[in-house]
Amino acid sequence: MTKRFALGIFEDEDVLLHAVENVREAGVKIYEVFTPFPIHGMDDALGIERSRLPIAAFFYGVIGLSFALWLQIYTLGFDWPMIIGGKPHIALPAFIPVSFELTVFFCCHGMVITFYTISKLYPRWKTPVLDVRSTDDKFVVAIELNDKTDLNHLTQLLRANGASEVNEKEMTKF
């Protein structure tokens, strides 16, 4: 599947931030903005909603805690009961370190897998880069083009908002 993009290249992050707001107000849907470093306020300018990843982190932590408690209670209480230091078979205070470690373990691994899946950043595939300069010193606004898009009007709009250049590019793997 091939997609066409109009790429607006910007030199300054403040100009980019105002340009994104102005382009969105003009009714143009921005596909993505690529920057060499995070820009404060860009999520709000793009209209991106708050992430639901913290909810996933909570559930991964609950699963890890549940698994840790089940493993320790089953192992030390039923499968292989041992009296250690005169403590009862199921001694919850002694389970705290292992429970904490497995909670963090499940949460971290679950979040990495969830983030890579949502972002489509699979380790085995090459990540498509629209403009290599976006990883160094330029700021790139990518706007997906279709048959109804007027490229001349879009070029004028981007240049009027501070774009130093506007390019058209086709990408196959997205």
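Key figures for this structure:
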item: Residue within the stretch 122-134 that is open to solvent by 50 Å² or more (accessible area, probe 1.4 Å) and of a type in the set (S, T, N, Q) present; result: yes
item: Matching option when the condition is in the same structural domain as H153 (by the TED database) and farther than 25 Å from E168 by Cα, among D79, D14, D44; result: D44
item: Given (1) touching a residue at least 60 places away in the same chain (Cβ under 8 Å); (2) over 20 Å from the mean Cα position of the chain (by Cα), number of the condition Q72 does not satisfy; result: (1)
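The values are calculated or read from the model by the stated rules, or taken from the named source; none is laboratory data. As the structure is a computational prediction, the values presented were derived from the model and not from experiment. When we count neighbours, we look across all protein chains shown, and the Cβ atoms used for this are built from the backbone with ideal geometry, even at glycine. Each accessible area value is taken on the protein alone, full model and side chains, heavy atoms only, with ligands, DNA and RNA left out. Shrake-Rupley method; radii C 1.70, N 1.55, O 1.52, S 1.80 Å.
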